[in-house]
């Protein structure tokens with residue numbers, strides 16, 4: 001059942017040099033109990049998409065298109081309604097747990113805050129719920145008192161508190177923006193396990209934003225690759241990894257060092273994507289990837305490739321998919 | 001495994017670095033914390049030696065101590081047989097020519113008020129104060145060229161460059177004294193995957209072309225695995241396992257190394273935790 | 001660097017406080033500069049017959065109880081204010097900034113000593129300690145400059161130390177150390193240029209405070225001595241004549257308020273203009 005569906009989402013910023021399109025025609029959908037991975041390099045629009053979902057786009061940015069949560073268009077909702085939805089129906093987990101937590105408020109109160117605000121619980125009820133939620137994320141009250149402050153916890157434990165805050169009101173969608181980037185690998189594995197368990201248990205939808213293809217492969221059901229504010233490839237994770245139809249997806253994958261766990265690949269040159277992500281003001285006319293693409297033709301620099309269906313819900317926006325797949 | 005070598009380029013012997021912590025009470029005894037606790041290893045010339053570990057394991061402290069930027073409580077660091085901490089200040093300054101450093105943050109490691117020419121030439125200011133402007137410019141140009149930048153980039157400011165280009169500038173600064181050892185502390189962890197690959201290729205290329213020796217510090221196991229010959233795994237200030245990289249990764253002996261390697265996400269959805277779990281729950285029901 | 005300056009200038013023109021404050025400040029300094037070579041009437045000329053004149057075309061702001069031209073007095077008073085403020089703030093910057101930079105570079109016991117001495121100086125209300133110093137050393141322009149200068153030292157020392165400590169933690173400082181540079185050289189080449197904008201802003205604020213302090217001291221009779229004109233002294237003398245000739249108190253008062261306001265606006269504007277985060281976003 002579709003929980004969240006984003007249709008033709010565009011985000012524009014009016015600057016001194018005209019309107020600049022930060023997100024262009026983004027289409028995504030997410031079902032209950034599923035995890036959608038958004039992948040791409042910095043500046044490709046992943047975090048912008050997350051901010052649009054939670055209705056926290058920076059001042060001066062205009063979004064159009066549709067963001068449907070259970071059929072309700074979030075872009076049409078007024079600020080009051082968005083405040084009701086934020087935290088209650090849509091919750092967010094940030095990259096940097098230290099800055100996402102208030103350093104002078106005990107963790108118990110930070111988790112309880114949303115419960116009192118959204119569910120109108122009394123202080124006592126909220127605290128009971130908070131301790132249950134903290135126990136669920138692996139911080140049982142016997143060892144982690146509600147009165148602890150964020151600085152008394154490790155990075156991984158802090159991220160668990162942030163997840164507990166997001167989880168407290170039983171949201172339907174969890175948006176996690178690089179939730180493990182600031183953490184060590186061993187802790188990252190634990191946090192990802194926790195997130196995966198939670199969405200199953202509560203039947204939530206998880207939007208996982210990451211730059212790490214390894215994390216995407218291990219955690220998500222469906223994935224979308226973004227480049228320069230557009231989707232370039234999306235589909236079920238297994239199929240996208242099997243085919244990798246878009247040259248950018250392939251490039252990202254090939255640029256990862258020693259991704260095969262067997263054999264010694266040591267010191268062989270890595271495949272790179274030449275150049276860098278163009279910023280929003282200087283995107284090329286046709287396909288945004290044309291300047292960095294090894295398969296680019298005249299057509300690519302003239303026309304914008306649209307999403308083409310390749311198989312079961314697997315799409316890619318490239319004119320030369322046949323060539324790309326031959327070239328491997 | 002170690003071929004008999006006349007002398008390692010870098011020898012670290014029983015290095016201990018302590019930090020004084022604030023006293024627990026006003027008259028209590030001073031408390032100290034051993035960030036690096038008796039670390040020893042050798043790096044042979046022309047090799048790339050990796051140090052991996054998680055945050056707080058002491059790897060960055062180790063890097064700064066090897067560079068002589070922090071005073072160890074005990075132990076020695078020998079570069080080409082010379083004890084870095086036993087040298088008088090003047091001799092240490094000229095020995096600096098031989099070992100340079102590349103830092104993690106390409107935004108923080110370049111002074112925003114300097115042009116690239118001055119940034120890259122900074123190590124020369126102390127070593128060769130008499131260098132003429134023209135000579136200096138020429139050396140900067142040649143070095144920028146060797147890291148894949150244009151000599152004309154010398155006249156630009158750091159904020160005009162992208163993260164990957166800045167890291168090239170930082171590498172150029174380390175190369176300009178023609179050092180034999182470069183200590184690189186997380187040089188690619190702030191970069192995007194595709195740019196990271198470009199910088200890693202540059203590092204590997206410099207190593208084969210100029211016979212440079214690298215001490216490569218990183219939390220990223222796949223990066224270390226890809227570019228180092230030997231590796232040491234650090235945990236809580238100590239080296240728990242060391243050996244040739246392929247051997248450590250294919251047959252880890254220490255349980256910590258094993259859990260570290262096991263935690264690295266593998267970009268293969270067939271091993272997904274989702275599938276694992278779905279399969280698991282299917283089995284249960 | 002000229003590109004940078006040009007950009008600062010362009011950003012500055014869009015900032016209202018910077019422009020208004022700048023105009024007030026510049027005209028005030030200009031007035032003082034003109035007064036050095038020319039005033040409408042000689043300042044020390046006492047003509048009893050033309051005392052307490054009102055506003056007229058001959059005397060734009062009228063004359064005082066000795067028949068001196070008020071415009072000329074205000075202009076000459078501006079010279080006095082500017083001179084005192086420049087020297088006093090110069091003293092604060094000249095001693096405070098190096099002290100703060102040394103404290104930040106050295107850390108340890110030297111830092112402790114310098115900063116505790118600073119706290120000690122800070123603990124006394126600035127104007128009160130200036131009163132104390134001039135009372136002990138005797139009244140006079142020089143003593144008041146020194147007194148005001150002394151309370152500027154801890155302000156700049158503390159600010160410099162705080163800002164420098166932040167810069168010392170940056171990686172490019174580590175790179176400079178790897179290049180073999182010592183703390184003195186790093187302080188001069190890397191630290192000071194990177195904290196200069198903070199210091200410049202503080203200079204404008206301290207400048208306003210120094211003008212206010214000088215007026216205060218002169219008002220109490222501890223600063224500039226007659227016959228040298230000073231805004232504070234003019235206020236003091238006008239006090240007894242408040243009902244007879246209120247303009248004698250109003251105009252110096254307005255001059256002081258306007259100048260301080262102008263400098264503060266300018267300083268606030270400058271802070272925004274020099275802040276690279278605000279500048280880059282545009």
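The values are calculated or read from the model by the stated rules, or taken from the named source; none is laboratory data. Everything quoted here is computed from the prediction, not taken from an experiment. Cβ: placed from backbone, ideal geometry, glycine included. Neighbour counts: every protein chain shown.
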It is to be established whether one or more residues within segment A:127-148 are at the interface with chain B (Cβ under 10 Å from one of its Cβ atoms) and farther than 22 Å from residue A:3 by Cβ.
no
List the number of the failed condition for residue A:299; all other conditions in (1) in a helix (DSSP H, G or I); (2) surrounded by 21 or more Cβ atoms within 10 Å (Cβ to Cβ); (3) modelled with pLDDT of 90 or more; (4) more than 14 Å from chain B (Cβ to nearest Cβ) hold.
(2)
Residues that are in a helix (DSSP H, G or I), under 26 Å from residue A:277 (Cβ atoms) and away from chain C (no Cβ under 11 Å), drawn from segment B:119-154:
B:144, B:145, B:146, B:151, B:152, B:153, B:154
Segment B:102-112, subset more than 8 Å from chain C (Cβ to nearest Cβ) and crowded, with 22+ Cβ neighbours inside 10 Å, residue nearest to the chain's Cα centre (by Cα)
B:102
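What about residue B:258, is it at pLDDT 90 or above and part of a helix (DSSP H, G or I)?
When the stated conditions are applied, residue B:258 passes them.
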Complete set of residues in segment B:66-101 that are in contact with a strand residue (DSSP E or B) (Cβ under 6 Å, 6 or more places away or on another chain) and facing chain C (nearest Cβ under 9 Å)
B:67, B:99, B:100, B:101
Just one of (1) within 12 Å of chain A (Cβ to nearest Cβ); (2) touching a residue at least 60 places away in the same chain (Cβ under 8 Å); (3) surrounded by fewer than 22 Cβ atoms within 10 Å (Cβ to Cβ); (4) part of a helix (DSSP H, G or I) trips up residue B:224, so point out which.
(3)
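Just for segment A:266-287: of the residues that are away from chain B (no Cβ under 14 Å) and in a loop (DSSP other than H, G, I, E, B), which one is surrounded by the fewest Cβ atoms within 10 Å (Cβ to Cβ)?
Result: A:285.
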Return the residue satisfying two criteria in turn: it lies in segment B:181-202 and is in contact with a strand residue (DSSP E or B) (Cβ under 7 Å, 6 or more places away or on another chain) and within 14 Å of chain A (Cβ to nearest Cβ), and of such residues it is surrounded by the fewest Cβ atoms within 10 Å (Cβ to Cβ).
B:189
Within segment B:44-51, identify whether any single residue is exposed (fewer than 15 other Cβ atoms within 10 Å of the Cβ) and in contact (Cβ under 8 Å) with a residue 40 or more places away in the chain, and answer yes or no.
no
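Rundown of residues vs (1) under 16 Å from residue C:149 (Cα atoms); (2) surrounded by fewer than 19 Cβ atoms within 10 Å (Cβ to Cβ); (3) over 23 Å from the mean Cα position of the chain (by Cα), yes/no style:
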position	(1), (2), (3)
C:86	yes, yes, no
C:96	yes, no, no
C:102	no, no, yes
C:110	no, yes, yes
C:113	no, yes, yes
C:118	yes, no, no
C:122	yes, yes, no
C:128	yes, yes, no
Please go through segment A:167-211 and pick out each residue that is free of Cβ contacts under 8 Å to residues at least 40 places away in the same chain, outside any helix (DSSP H, G or I) and surrounded by 22 or more Cβ atoms within 10 Å (Cβ to Cβ).
A:180, A:183
Residue B:209 versus (1) out of contact with any strand residue (DSSP E or B) (no Cβ under 6 Å at 6 or more places or on another chain); (2) away from chain A (no Cβ under 12 Å); (3) surrounded by 23 or more Cβ atoms within 10 Å (Cβ to Cβ): which is the lone unmet condition?
(3)
Looking at segment B:171-187, can you tell me whether even one residue there is without any contact (Cβ under 8 Å) to a residue 40 or more places away in the chain and not in a loop (DSSP other than H, G, I, E, B)?
no
The number of residues in segment A:87-102 that are in contact with a helix residue (DSSP H, G or I) (Cβ under 6 Å, 6 or more places away or on another chain) and under 21 Å from residue A:120 (Cβ atoms) is 4
Residue C:229 - would you say it is outside any helix (DSSP H, G or I), touching a residue at least 60 places away in the same chain (Cβ under 8 Å), more than 24 Å from residue C:132 (Cβ to Cβ) and touching a helix residue (DSSP H, G or I) at 6+ places or on another chain (Cβ under 9 Å)?
yes
Scanning segment A:169-197 for residues that are more than 11 Å from chain B (Cβ to nearest Cβ) and at pLDDT below 90 gives A:169, A:170
Kindly indicate whether residue A:135 is assigned to a loop (DSSP other than H, G, I, E, B) and either crowded, with 22+ Cβ neighbours inside 10 Å or under 27 Å from the mean Cα position of the chain (by Cα) (or both).
no
Checking B:178, B:238 in turn, the sole residue that is surrounded by fewer than 23 Cβ atoms within 10 Å (Cβ to Cβ), in contact with a strand residue (DSSP E or B) (Cβ under 7 Å, 6 or more places away or on another chain) and more than 14 Å from chain A (Cβ to nearest Cβ) turns out to be B:238
Every residue from segment B:241-254 that is more than 13 Å from chain A (Cβ to nearest Cβ) and without any contact (Cβ under 8 Å) to a residue 24 or more places away in the chain
B:241, B:253, B:254
The one condition residue A:218 fails out of (1) touching a strand residue (DSSP E or B) at 6+ places or on another chain (Cβ under 8 Å); (2) within 12 Å of chain B (Cβ to nearest Cβ); (3) buried (at least 23 other Cβ atoms within 10 Å of the Cβ) is (1)
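Just to be sure, is residue C:11 surrounded by 15 or more Cβ atoms within 10 Å (Cβ to Cβ), in contact with a helix residue (DSSP H, G or I) (Cβ under 9 Å, 6 or more places away or on another chain), under 30 Å from residue B:155 (Cα atoms) and modelled with pLDDT of 75 or more?
yes
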Has segment A:53-61 got at least one residue that is more than 17 Å from the chain's Cα centre (by Cα) and more than 30 Å from residue A:150 (Cα to Cα)?
yes
